[in-house]
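Worksheet for the structure shown next.
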Amino acid sequence: MKHFAALLFVALLTVALLLFLTNPELLEEIWLWVVGFIGYIVLLLERGFQAVANIVKPKPKVPIASPSDHASPTFQLPPRFAELENKLQQQEQANPSYPESTITILRYLDDGNTSLGLIFFRKKFFAYTLEDTHQLEKVAGQTRIPPGTYQLSFRQQDTPLTISYRKRFPWFTYHLELKEVPEFNNIYIHIGNTHRDTEGCILIADGVNATSPGVPATDKMIIHSRLAFERFYKRVSALLKTDEVVTVRILDETWFEQAQLQPV
């Protein structure tokens, strides 16, 4: 039996050599097939190892999102913000000179580069804001607008920024602009994270990251801006489409002292 197997092997080898000698192109085709087959085997092995690794590797812990990340209706307002809501309502009721406003922006911090604030919708906390710093004399692109009450409405012009937003967001039509701001033009409420993303406009977000370790003072930032902007934009748009006059009242940091409250 062993002799038969040896003879069969020699016979097959002889036939193979004769084929290669009479048909040299056949060798190239077989070689390419062998290389392809080896590559396929290697790919299967790699996928097998990856599958095993995924099973063995511990799954990363998914952080629990804060209520403000998604504006959950079960969000529990911090006691400090509830106090501010009550104070804003009391002041408006007690002081007839305060014009009633749809939206209130309460600035609470200015570090020389960035102003952080809280935005209230009908006296209820809604989101965070970020602006440029206060300047005694306006520096173009680096100065926040003065406090006051302004009308908020659509700026119905197809600016490059408006067109870019419309391409990104199917629910967007025109930017929301604060009208008749002294010494300022084209002041929007829009998406952004740091003072580098604004030139006098107001950025809105669902979170603030003002004192994270390793973040330079010049880079105080807000987070989850797109989520807050979409929620804000849809709510304001609904009011404007019913011809309601929407106003924004901006209060500086001095409001806390006037209201006899400690800053945030």
Residues whose placed amide H lies under 5 Å from that of F169, excluding near-sequence neighbours: none
Nonlocal amide H pairs with G207, under 5 Å, H built at 1.01 Å: Y128, I223
Built amide H within the under 5 Å cut-off of S115, gap 5+: E131, D132, T133
The stretch 73-258, relative contact order in percent, only Cα pairs under 8 angstrom and at least six apart counted: 24 percent
Listed residue pairs exceeding 22 Å between alpha carbons, taken from K87/K241; K123/K167; K138/K179; K167/K234: K87/K241; K123/K167
From phi via Karplus (6.51, -1.76, 1.60), per-residue ³J(HN,Hα) for the stretch 177-194 in Hz, x at Gly/Pro: 10, 7, 8, 6, 8, x, 6, 10, 9, 6, 8, 9, 10, 8, 7, x, 10, 10
Karplus-derived 3J(HN,Hα), 6.51/-1.76/1.60, for each residue of the stretch 81-88, Hz, glycine and proline x: 6, 4, 5, 5, 4, 4, 5, 4
Extension reserve of the E137-R80 stretch, reckoned as 0.36 nm per residue once the Cα distance is removed: 17.2 nm
For the stretch 73-258: rounded, prolate or oblate by the Cα gyration tensor [a/c cutoff 1.5]: rounded
Lys, Arg +1 and Asp, Glu -1 on Cβ, resulting dipole of the stretch 73-258 about Cα centre, debye, nearest 20: 740 debye
Average Cα contact separation per residue, the stretch 156-261, under 8 Å, 6 or more apart, as relative contact order %: 17 percent
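Read-outs: derived from the displayed coordinates by stated rules, not from any lab. Quick caveat, the model's predicted, so the values are computed rather than measured. Cβ atoms come from the backbone with ideal geometry, glycine included; neighbour counts cover every protein chain shown.
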